[in-house]
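In what follows, a structure is listed as structure tokens, so that the remarks can point back to it.
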Amino acid sequence: MSHSHDHGHDHSHPQGPLADASVRVARVSDAPAVGFVQAVVFREAYAAVLAPEVTAEFQPQSFASAWRTTLEGEAAGDGVLLVACAGDQVVGFAAVGASNDPDADDETAELLVLGVHPDARRQGHGSRLLHAVVDTARARGRGTLTAWPLASAEEVRAFLVAAGLEPDGAHRERVVGPAGETATEVRLSAAVAEPEPEPGAGASQ
């Protein structure tokens, strides 16, 4: 998972960073681009918990193949893959679906992954993706959104907390390497249901 910040570099598009930015539902043809972005983001995200020879195994082709299979097949539950675009170029992605956590109910959605290419950060792509994730969850009747960022990913967690998600006390050890290496993940959650309209709201005066 990544976020919409970078490390002090300005990668604004010449005619303005937001003029051609958009978020849409992914197509099968987006799989290679999503795989490329995911490989870059995951190598960065797991650099603190995995050896370089392990993160080197994060290859665009394998991620792209997995996404192509998902996009070509029957959707599992209500999972949706979204992509952030700068013009026609895919620069970020996010996936949202039903939560499989033991304590989740039918109204809980999970932000499964979110990543923005390092060269496309500080342009709002992460925020637009997260807003689209919330809209997708709401459209499917979900009132709660959860996420499991790495405990070591302080900037990612800060981005999500700034957006309104908060630690809810749950954590887990996830196997992330071929030799059984694990990484700690801390769950964040937020209520995302549309607020009930106030009595009389919208009534003519």
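The values are calculated or read from the model by the stated rules, or taken from the named source; none is laboratory data. Note that the structure is a prediction, hence the values are computed from the model and not measured. Note that each Cβ is placed from the backbone with ideal geometry, even for glycine, and that neighbours are counted across all protein chains shown.
Points to keep in mind about this one:
- Breaking point among (1) touching a residue at least 40 places away in the same chain (Cβ under 8 Å); (2) buried (at least 19 other Cβ atoms within 10 Å of the Cβ), for ASP119: (2)
- Members of the range 66-106 found to be assigned to a strand (DSSP E or B) and out of contact with any strand residue (DSSP E or B) (no Cβ under 8 Å at 6 or more places or on another chain), listed by number: GLN89
- Complete set of residues in the range 41-65 that are free of Cβ contacts under 8 Å to residues at least 12 places away in the same chain and in a helix (DSSP H, G or I): PRO52, GLU53
- Remark: GLY87 falls outside the filter, which requires a residue to be over 17 Å from the mean Cα position of the chain (by Cα), free of Cβ contacts under 8 Å to residues at least 60 places away in the same chain and farther than 19 Å from ALA170 by Cα.
- Matching option when the condition is of a type outside the set (A, V, I, L, M) and assigned to a helix (DSSP H, G or I), among THR146, THR136: THR136
- The numbered conditions (1) in contact with an Asp or Glu (Cβ under 9 Å, 6 or more places away or on another chain); (2) among the small types (Gly, Ala, Ser); (3) at pLDDT 90 or above are all true for ALA66 except (1).
- Every test in (1) of a type outside the set (A, V, I, L, M, F, W, C); (2) over 19 Å from LEU130 (Cβ atoms); (3) within 17 Å of the chain's Cα centre (by Cα) is passed by ASP101 save one, and that test is (3).
- The set of residues in the range 152-180 that are loosely packed, with under 15 Cβ neighbours inside 10 Å, outside any strand (DSSP E or B) and at pLDDT below 95 comprises GLU154, GLU155, ALA158, PRO178, ALA179, GLY180.
Yes/no matrix, rows are residues, columns are (1) surrounded by fewer than 18 Cβ atoms within 10 Å (Cβ to Cβ); (2) under 22 Å from ASP20 (Cα atoms):
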residue	(1), (2)
PHE63	no, no
GLY87	yes, yes
ASP103	yes, no
GLY126	no, yes
LEU145	no, no
